[in-house]
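Beneath this line is the structure, given in structure tokens, with notes to follow.
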């Protein structure tokens, strides 16, 4: 197969095998065309012969064009997906980005995720002796331990949580997709306790609005709104003195970052977050300097690992 056909077959693969959304496919198609042109006209070799330095040159090239770092990070992650496909299907013999699989996706803003200490400071400050404090504590632990979107959390029903098996089914994920998540020991125990105290019928929402420490009268099936969730998180962050604009989305960033630093493969993180591809996942990942050094040692020093 000629290299000129590789992009077409790759896009077909994203459509037919991966089932990517149309918007995601268009992004990959546009970036692959730009990359092919860059390699031929700026680096003077086909994309099949790309090396690590080519990606560094791409970063400089795009910065000179005034492209933001966030966009560039997404482009680099798209290249990683492309070259993994080419390598897996035998079109190239060496993956030029395999030695730096996560680092090229590292975003800069340090404020977008919480440290482990900040997470514990946040959740341990709730008064779990009250209904609203217990509810808000449980919400925060779920956000931290699962990386759920705010809409996904607010849409949870008791039927979605299997306390016998320790699983959580996301029925209303982005794009209508479902995914099954496993509860860690802490969250499993917390959810059992929350169910004993606050649990409702199978069809009822897990998290409801509370008034005077009681479920809102006459509205047993009304779910907590996303705006109320955001307000609660921000108010509590200010209360405990975390100097960041904390939001449910920040917990999602935190979950992804801590999973990566714990050694979880980015493909698995992608599945847990409910993303179509790694391009989306990379936006959520923040790697500390020490973790970056460790990743370099693991992937470059031990290529077979």
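The values are calculated or read from the model by the stated rules, or taken from the named source; none is laboratory data. Note that the structure is a prediction, hence the values are computed from the model and not measured. As a convention, Cβ positions derive from the backbone with ideal geometry for all residues, glycine included, and neighbour counts pool all protein chains shown.
Annotations for the structure displayed:
- The requirement of being over 18 Å from residue 244 (Cα atoms) and modelled with pLDDT of 90 or more is not satisfied by residue 117.
- Test set (1) closer than 22 Å to residue 238 by Cβ; (2) in contact with a helix residue (DSSP H, G or I) (Cβ under 8 Å, 6 or more places away or on another chain); (3) in a helix (DSSP H, G or I); (4) modelled with pLDDT under 95 - residue 187 fails condition number: (1)
- Selection from the range 68-88 of residues that are under 22 Å from residue 266 (Cα atoms) and free of Cβ contacts under 8 Å to residues at least 60 places away in the same chain: 69, 71, 72, 75, 79, 83, 84, 87, 88
For (1) within 17 Å of residue 8 (Cα to Cα); (2) touching a residue at least 12 places away in the same chain (Cβ under 8 Å); (3) touching a strand residue (DSSP E or B) at 6+ places or on another chain (Cβ under 8 Å), each residue gets a yes or a no:
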residue	(1), (2), (3)
26	yes, no, no
31	yes, yes, no
57	no, yes, no
63	no, no, no
66	no, no, no
